[in-house]
Structures are given as structure tokens and as C-alpha cells.
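One structure below.
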Amino acid sequence: MSGKPRLTYLNGRGRMEPIRWLLAAAGVEFEEVFLETKEQYDKLIKDGLLLFQQVPLVEIDGMKMVQTRAILSYIAGKYNLYGKDLKERALIDMYVEGISDLMQMILMFPFSPPDAKDKNLDSIKERATNRYFPVFEKVLKQHGQDFLVGNKFSWADVQLIEAILAVEEKIPAVLSGFPQLQAFKTKMSNMPTIKKFLQPGSPRKPPPDAHYVETVLKVFKK
Amino acid sequence: LQFEESFVEKKDDLTKLQKDGSLLFQQLPMVEIDGMKMVQTRAIANYIATKYNLYGKDLKERALIDMYVEGLFDLNELLMPYDYKPADQKEQHFATMMDKAANRYFPAFEKVLKDHGQDFLVGNQLSRADVQLLEVILMAEEFQPDILAKFPLLQRFKARISNIPTIKKFLQPGSQRKPRIREEDVPKVIKIFY
């Protein structure tokens with residue numbers, strides 16, 4: 001055991017990517033085990049490693065953690081990315097939950113039936129542009145600080161930069177009406193740990209492709 | 001903790017809240033607490049749990065509570081939409097949700113209780129995980145009264161937690177606990193949000 005957290009998931013973004021982002025932003029090195037077959041997955045279940053028979057699984061500090069939010073909360077708490085008090089936590093939680101709703105749409109997008117893809121892409125664009133990005137544009141404008149909460153780098157900033165980049169992959173001009181978010185994107189991308197994560201060869205995973213979708217369907221087939 | 005409630009009954013009620021900037025992401029639930037207008041169910045629940053010491057004593061107990069609570073949210077997400085499903089989807093959905101309750105979620109919590117032999121899920125102390133588990137058990141029983149037949153420890157857990165004075169009071173008629181939605185009210189709710 002190296003002592004580093006060990007992540008078990010498919011070799012792709014999915015529900016593990018926010019965890020990779022947060023660990024990387026915190027400067028924490030981690031190992032990865034990639035699920036490629038149904039047999040591997042079934043074995044994890046049979047061995048009793050998955051509390052609710054699901055991945056992501058993160059082995060960290062002696063715990064076999066499941067449930068993405070639980071894992072992210074733990075990492076944020078451990079590495080001081082969760083605000084300085086209860087009220088800052090509350091803001092961070094609200095922001096993170098909102099962004100997570102947007103990311104859920106992106107997560108599900110590759111699995112849309114072909115005739116629903118255009119409609120779903122429009123929904124992502126609509127929600128990003130009319131519901132989520134305006135909120136964060138306003139937050140940054142109102143306090144004029146570099147970070148979303150408490151003038152300090154937090155989980156909320158990591159989640160927002162991840163979401164901005166993910167939406168831009170689908171809708172390149174999406175930030176055109178949001179100057180504060182453009183500046184935020186530049187600042188976050190230049191923070192040393194994040195800059196490193198954005199370079200080739202990092203644990204960051206590429207956008208989902210047909211092979212990834214195929215693997216998901218194969219591994220999790222009932 | 002005592003609380004007030006404001007009910008949204010028609011679309012205009014929701015639109016007004018959205019227009020006056022009360023809803024960060026245009027959505028409900030919204031809870032006004034300690035000078036904040038909080039939205040996002042989990043954010044609100046996290047705040048209340050921490051403030052009232054229902055979130056464990058340290059980071060590791062929080063981690064366990066969070067895992068359990070997230071699993072219970074997933075089960076709740078299966079149970080909650082049932083009453084809103086069109087008639088031709090109800091049977092299939094019912095089978096799926098009861099299967100997950102009986103084969104994925106309840107066995108996990110039965111085992112947690114069995115492994116440590118304590119009265120509460122985490123840290124030998126009442127936490128939000130216990131409250132949420134009781135809530136979900138009661139919801140599942142509304143759909144299938146004998147769902148706990150194979151889970152003796154959950155049966156005892158249910159009885160024990162239901163008898164905690166604050167919870168016992170909430171389970172009595174006249175409390176703010178809400179009933180399951182009646183079939184005739186479903187169209188009204190759908191109209192508010194869509």
C-alpha cells in the first residue's frame with residue numbers, strides 16, 4: 001500500500017472526474033484501477049467492496065468510500081477546501097450542488113438516443129447560459145474577489161472551472177456573455193496544481209467517445 | 001426545531017419567487033435560515049445537520065454519514081417519482097424501486113447495524129443518517145408494508161428511532177409531516193413546475 005488514495009472506475013470521466021479534479025487541485029497524487037470488463041465489476045461486488053454495489057470507489061485513509069458527493073466532501077474537508085466556517089460551507093454547498101445539476105446533464109449526454117442529442121445539447125446550452133453561469137458571474141461581480149467564497153480557493157472554484165471547460169467542449173462560445181467567468185477561467189487555469197492537471201499526461205480523462213459509452217454499457221450490463 | 005412553512009399552490013407563486021430573486025437557481029426547495037435564503041436540498045440538510053450536531057464528531061464519521069445519506073437519497077429518488085409516473089409506467093417502476101430497496105439498500109444498512117451492534121448507524125449517537133433511514137423505511141413501507149420482513153435489525157431500528165421524543169411527535173397527526181401526494185393532486189403539482 002503506497003498510502004496514496006486509490007480510485008476504481010472506468011478509464012473515462014463519468015462520475016469519477018470531479019474527484020480526480022479535486023484531488024489534483026489539492027496537490028494530492030493518486031493511483032487508479034480501471035474497470036474494463038463486467039467480470040472485474042462483478043468481482044468487486046462479490047468481494048463486498050462496494051457498499052451499494054456501485055462505483056466510484058475511492059480507497060482513502062483506511063476507508064472504502066463510495067458515493068461521489070461523500071468522497072468529494074471528505075477530500076474538501078481534509079484539504080481545507082471547504083470554507084472556514086458553517087456559513088461559508090453553506091455557500092460552497094449551494095454552488096457545488098447547482099453546478100452538479102448542470103454536470104449531470106453533461107454526464108448523461110453521451111447516452112442520449114441519437115434523435116434526442118440535438119435537443120439535449122440545446123438544453124445544456126440553455127441551462128448553462130440562463131440558469132447557472134449568470135449566478136456565478138453575479139457572485140464574482142458582486143464581491144470582486146478571485147474566488148467564489150471567502151476570498152480563498154475552495155471546492156466550489158474547482159467544480160466551476162471543471163464545468164466551464166466541460167461545457168465549452170460542447171459549446172465553444174458559451175462564455176461570450178460572461179466576462180467575469182472568462183477572467184475566472186484564466187486565473188484558475190493558471191493555478192499551479194490545476195495548470196499541471198490540464199497538461200497532457202495528467203490523470204485528467206478525455207471527453208467521452210463511442211468506445212467509452214460501449215465500455216460503460218458492457219461493464220454495467222445487468 | 002420549530003419552523004414555518006409557505007406553500008406554493010399555483011405557478012404564479014413560483015414565478016413570483018423566481019422574479020424577485022429569492023431562488024438562486026430558480027428552483028425549490030428554499031429555506032430561509034439564519035439570514036440566508038438557502039436552496040439545494042443537500043446544502044440545506046448539511047447546514048442543519050452540522051448546526052444541530054447531527055453530523056458526527058469528526059471528518060471520518062461525517063464520511064460514513066455522507067455515504068449512508070447519499071445512498072438513501074438515491075433510494076428516495078426512486079420512491080419519490082412513483083406517484084407522478086404515467087399509469088402505464090407505474091408497474092415497472094414499482095418493481096424496480098422495491099427491488100433496489102430490498103436487495104441493494106436495506107441489506108447494506110441491516111449489515112451496518114449487525115456489524116457494530118449499536119443503536120445508531122454512526123458513532124453510537126443519533127445523526128442525520130438515522131433520521132433519513134427512518135424516513136425512507138416509512139416511505140418504502142407505504143408502498144409495501146412487509147418490506148422489512150427479512151430485516152430484523154431494521155425493524156428494531158425503526159421502533160427505536162420512532163420513539164425518540166422529537167421524532168415521535170413528528171409522526172403524530174397534526175405535525176408538519178406531509179402525507180403522500182393524493183392522485184387527484186398530481187396534475188396540480190405538475191402544472192406548477194412545467
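Descriptive notes on the structure:
- Sorting A:Lys221, A:Lys185 from the fewest to the most surrounding beta carbons within 10 angstrom yields A:Lys221, A:Lys185.
- For the options B:Val136, B:Val69, B:Val31, a Gaussian network treatment of chain B with springs between C-alpha atoms closer than 10 Å singles out B:Val31 as fluctuating the most.
- Rounded if a/c under 1.5, otherwise prolate or oblate - the stretch B:1-113, Cα gyration tensor axes: oblate
- Cα shape, the stretch A:83-212, gyration tensor, a/c 1.5 rule: prolate
- Sorted by Cβ density within 10 Å, fewest first, the residues A:Ser73, A:Ser100, B:Ser6, B:Ser22: B:Ser6, B:Ser22, A:Ser100, A:Ser73
- Net charge dipole size for the protein assembly as shown [Lys, Arg +1 and Asp, Glu -1 on Cβ; Debye, nearest 20]: 460 debye
- Using a Förster distance of 35 Å, the FRET efficiency for B:Lys168-B:Met36 (Cβ separation, nearest 0.05): 0.70
- Charge tally in the Cβ shell below 14 Å around B:Tyr82, where Lys, Arg are +1 and Asp, Glu are -1, B:Tyr82 excluded: -3
- Rel. contact order, % - alpha carbon contacts under 8 angstrom, at least six apart, chain A: 28 percent
- Straight-distance crosslink candidates among lysines, where the alpha carbon sits under 20 Å from A:Lys218 and sequence neighbours closer than 8 are dropped: A:Lys38, A:Lys43, A:Lys46, A:Lys205
- Calculated FRET efficiency for the pair A:Ala116/A:Asp85, C-beta based, R₀ 35 Å, to 0.05: 0.20
- Calculated on C-alpha atoms, the gyration radius of the stretch B:54-170 divided by its Kirkwood radius gives an Rg/Rh of 0.98.
- Estimated inter-spin distance, B:Lys150 and A:Asp101, nm [label 7 Å along Cα→Cβ]: 3.7 nm
- Approximating the spin labels as points 7 Å out from Cα along Cα→Cβ, the A:Asn130-to-B:Asn103 distance works out to 4.1 nm.
- The helix-only estimate of mean residue ellipticity at 222 nm for the protein assembly as shown, built from DSSP H runs of length n ≥ 4 each weighted as -39500 (n - 2.57), is -16500 deg cm²/dmol after division by the residue total.
- Expressed to the nearest 5 percent, the antiparallel share of DSSP beta bridges inside the protein assembly as shown is 70 percent.
- Gained length - B:Asp12 relative to B:Phe193, 0.36 nm times residue gap less alpha-carbon distance: 64.1 nm
- Take each residue of peptide B:15-25, count the partner chain Cβ atoms within 10 Å of its Cβ, and average: the result is 2.
- The residue among A:Phe109, A:Tyr74, A:Leu160 whose Cα reaches farthest toward the positive pole of the charge dipole of chain A, with charges on the beta-carbon of Lys, Arg, Asp and Glu, is A:Tyr74.
- Proximal aspartates and glutamates to B:Lys111, defined as alpha-carbon separation beneath 14 angstrom and excluding residues fewer than eight positions away on the same chain: B:Asp119
- Taking label positions 7 Å along the Cα-Cβ direction at both A:Lys38 and A:Asp146, the computed distance is 5.1 nm, reported to one decimal.
- Shape of the stretch A:1-146, Cα gyration tensor, a/c cut at 1.5: oblate
- Lysines whose Cα lies under 22 Å from that of B:Lys10, excluding same-chain neighbours fewer than 8 positions away: B:Lys19, B:Lys37, B:Lys85, B:Lys178, B:Lys188, B:Lys191
- For the protein assembly as shown, the alpha-carbon radius of gyration amounts to 1.00 times the rule-of-thumb value 2.2 N^0.38 Å expected for a compact globular protein.
- Residues A:Trp21, A:Trp155 in ascending order of nearby Cβ atoms (within 10 Å, fewest first): A:Trp21, A:Trp155.
Readers should treat all values here as calculations from the given coordinates under stated rules, not as data from a laboratory. Keep in mind the model is a prediction, meaning the values are calculated, not measured. Counting neighbours? That spans all protein chains shown, and the Cβs are built from the backbone with ideal geometry, glycine included.
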